[in-house]
1. Once the dipole of the chain is set up with Lys and Arg at +1 and Asp and Glu at -1 on Cβ about the Cα centre, which of LEU101, GLY141, ALA182 lies farthest towards its positive end?
2. With the contact rule set at Cα under 8 Å and sequence spacing of 6 or more, what percent relative contact order holds for the chain?
3. May I ask you to compute the full-extension gain from ASP53 to ALA181, defined as 0.36 nm times their residue separation minus their alpha-carbon distance, rounded to one decimal in nm?
4. Can you pull the percent of the chain's accessible area that's carbon plus sulfur, 1.4 Å probe, other chains left in place?
5. Summarise the long-distance tail of P(r) for region 1-111 by giving the % of C-alpha pairs beyond 23 Å.
6. Could you compute the FRET efficiency for LYS30 and THR118, with r as their C-beta to C-beta distance and R0 at 25 Å, rounded to 0.05?
7. How big is region 144-218 along each principal axis, measuring the range of its Cα positions in Å and listing the largest first?
8. Arranged from highest to lowest average of other beta-carbon atoms within 10 Å per residue, in what order do the peptides 12-25, 108-121 appear?
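The values are calculated or read from the model by the stated rules, or taken from the named source; none is laboratory data. Just so it is clear, the model here is predicted, and its values are computed rather than measured. In this analysis, Cβ positions are derived from the backbone assuming ideal geometry, glycine residues included, and neighbour counts consider all displayed protein chains. The protein model used for the area step is the full one, side chains on, heavy atoms only, and it has no ligands, DNA or RNA in it. Shrake-Rupley method; radii C 1.70, N 1.55, O 1.52, S 1.80 Å.
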Amino acid sequence: MAATTRREVMRALLDAYGRTYAAEARIPLKDTPQPLYRLLVLACLLSARIRADIAVAAAQELAAAGMRDPRRMAEATWQQRVDALGRAGYRRYDERTATQLGDGATLAAERYGGDLRTLRDQADGVIASLQRLLQEFPGVGPAGADIFLREAQAVWPGVAPYFDAKALQGARALDLPTAPAALLRLTDGAEPAVVAAALVRVALDKKAPQAVREAARA
């Protein structure tokens, strides 16, 4: 595929899918404790085998119920967490996830003082260390750590560019390069977090690659 055509595909991709999951969940992402914790919750929810839109809705329901920081999440009853997840349709995993969120909130409060910037500092900017520390939270496995870092790179520039396996799967589906620097050169300055999220959305939707190509040709 010619470079100009790849640029057109990238433009069509970003026009159709260029939105982070944090933005979709209405998390005003900043390098401050509460938004970072809400992003961790979202990463946990997205890790389950459940539709992304349901996980995003569940994150919004938890926030609407006041569970926006580790203290409030831990203070909420297990049933309150289950009910919030249920209102979003997050039913298959609601009981297990409610327990994981409570235990994770306690861990975040006790080990990091509710501030995930402390986790970042403990990792000293080493990606493998960040992944390992994130996976110590219940419900956050390798995929969850990838989700968190893929989104957090918007406010943690030391992590960027972060394109995990799922994002690169989307790039291959569109015949785009898989080297982060080569991908970003096609974007005319788009944020890496936005590009990565768009590629993930393509990877998760079998109809998306064809739709993007058709839009690029239009």
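1. ALA182
2. 27
3. Values: separation 128, 0.36 × 128 = 46.08 nm, distance 2.94 nm.
The span from ASP53 to ALA181 would gain 43.1 nm if fully extended.
4. Percent of accessible area from carbon and sulfur atoms in the chain: 49.
5. 33
6. After rounding, the FRET efficiency stands at 0.95.
7. Largest to smallest, the principal-axis extents are 36, 27, 17 Å.
8. The most tightly packed comes first, giving 12-25, 108-121.
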